[in-house]
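Report on the following structure.
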Amino acid sequence: MHIETVSIEFETDNKEKMLQSVAHHKEEMAEFDGFLGYEVWLKEGARKSTVMNVSRWASKEQFTVWMKQHRDFHREMKRTGGGGGSELVVTRQTGSYDMITI
């Protein structure tokens, strides 16, 4: 199993917009082969908050197929002035993990 994480810090005033943006990702991912699940964890602060998006995939290769389409979506949103939620991001950090048996 392959795990991807994205930690996004944003202004707390934009909480509802951010949650709508990450909810869209779950719908988008669910259509792809190899998608196993998606969770969003919220750490809410007075001025800044963080969402941690955790997606599970059967393989890294299957995640990569989805990620290519997702990047294309964001490029198109920026080109047409839609933003796609990226305008809400203060900081962003990603992680990539493979599950191992011990």
message = Any residue in the stretch 21-33 that is over 18 Å from residue 1 (Cα atoms) sitting within a Cβ distance under 7 Å of a residue that is among the charged types (D, E, K, R) and open to solvent by 50 Å² or more (accessible area, probe 1.4 Å)? List the pairs, counting only those 6 or more apart or interchain.
response = none
inquiry  = Which residue is modelled with the highest pLDDT, if the candidates are limited to the stretch 70-98 and must be open to solvent by 90 Å² or more (accessible area, probe 1.4 Å) and part of a helix (DSSP H, G or I)?
reply    = 71
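Conditions tested, residue by residue: (1) under 11 Å from the mean Cα position of the chain (by Cα); (2) at pLDDT 95 or above; (3) part of a helix (DSSP H, G or I); (4) surrounded by fewer than 17 Cβ atoms within 10 Å (Cβ to Cβ).
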{"site": "5", "(1), (2), (3), (4)": "yes, yes, no, yes"}
{"site": "8", "(1), (2), (3), (4)": "yes, no, no, no"}
{"site": "24", "(1), (2), (3), (4)": "yes, no, yes, yes"}
{"site": "28", "(1), (2), (3), (4)": "yes, no, yes, yes"}
{"site": "32", "(1), (2), (3), (4)": "no, no, no, yes"}
{"site": "52", "(1), (2), (3), (4)": "yes, yes, no, yes"}
{"site": "56", "(1), (2), (3), (4)": "no, yes, no, no"}
ask   = Across the stretch 10-19, what is the total count of residues that are in contact (Cβ under 8 Å) with a residue 12 or more places away in the chain and open to solvent by 70 Å² or more (accessible area, probe 1.4 Å)?
value = 2
query = Any idea which of 65, 40, 51, 6 is closer than 22 Å to residue 87 by Cβ and without any contact (Cβ under 8 Å) to a residue 40 or more places away in the chain?
reply = 40
key: Search result, residues across the stretch 15-34 that are more than 14 Å from residue 70 (Cα to Cα) and not aliphatic (A, V, I, L, M)   = 15, 16, 17, 20, 33, 34
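The values are calculated or read from the model by the stated rules, or taken from the named source; none is laboratory data. Not measured: the values here are computed from a predicted model. Neighbour counts run over all protein chains shown; Cβ positions are idealised from the backbone, glycine included. Ligands, DNA and RNA are excluded from the accessible area calculation, which covers all protein heavy atoms including side chains. Shrake-Rupley method; radii C 1.70, N 1.55, O 1.52, S 1.80 Å.
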